[in-house]
Amino acid sequence: MKTMLFPHAMQKPGWVIFTLSAMLGATIMLQENFNILPLSVALQLDDWTYIINNIAIIGTIIGAILVTCSREKIEDEMISSIRQDSLLTALYIHYAIIIVASLLVYDLDFLNVMLYGMFTILFIFMAVFRWRIWQIKK
């Protein structure tokens with residue numbers, strides 16, 4: 001059966017892109033909420049906020065997709081089954097979080113929840129899939 005997975009070699013660049021972009025996104029989020037950067041740096045970045053924000057979002061998504069959609073070194077039927085089960089688990093958890101958030105969060109705060117919702121399904125899938133692979137190898 002033909003799968004639409006990237007080659008295994010794409011995992012390492014995916015991890016690099018994902019890690020750097022996620023750290024950039026976390027820095028932006030912390031700067032907006034807690035002003036962690038020195039004032040001189042923050043003022044210089046103000047003009048570039050939208051571009052840097054887009055780089056963080058797009059980089060995080062592309063990196064996570066490269067990590068999650070790349071083949072394993074040994075891609076067999078068991079790995080495919082684990083991949084499918086992990087995706088379903090991530091889907092259920094993601095939408096459970098969205099449902100709970102829609103009941104508890106209102107106004108512009110809900111927009112933040114939906115922004116983070118773009119990433120949660122990929123993060124949950126990565127965590128569940130890697131954990132299950134780790135359990136099998138252990």
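What shape does region 47-101 have by the C-alpha gyration tensor, where a ≥ b ≥ c are the square roots of the eigenvalues, rounded means a/c under 1.5, and otherwise prolate means a/b greater than b/c and oblate the rest? Each step should come with its number before you reach the end.
Values: a/c = 7.42, a/b = 1.47, b/c = 5.04.
Oblate, because a/c is 1.5 or more while a/b does not exceed b/c.
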Given points 7 Å out from each Cα along the Cα-Cβ axis, report the Leu45 to Thr19 separation in nanometres with one decimal.
2.0 nm
For the chain: lysine pairs with Cα atoms under 17 Å, gap of 8 or more or different chains, count?
4
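Using the Kirkwood radius over C-alpha pairs as Rh, can you work out the diffusion coefficient of the chain via Stokes-Einstein at 10 °C, viscosity 1.306 mPa s, in µm² per second? Could you put the intermediate results ahead of the total?
Working: Rh = 16.8 Å.
Here the translational diffusion coefficient equals 94 µm²/s.
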Could you sort the peptides 28-39, 114-125 by per-residue average Cβ neighbour count (10 Å cutoff), highest mean leading?
114-125, 28-39
Helix-derived mean residue ellipticity, 222 nm - over the chain, DSSP H n ≥ 4, -39500 (n - 2.57), to 500
-28000 deg cm²/dmol
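Only the coordinates and a few stated rules stand behind these numbers; no lab work does. This is a predicted model, so every value here is computed, not measured. Virtual Cβ from ideal backbone geometry, glycine too; neighbours counted across all protein chains shown.
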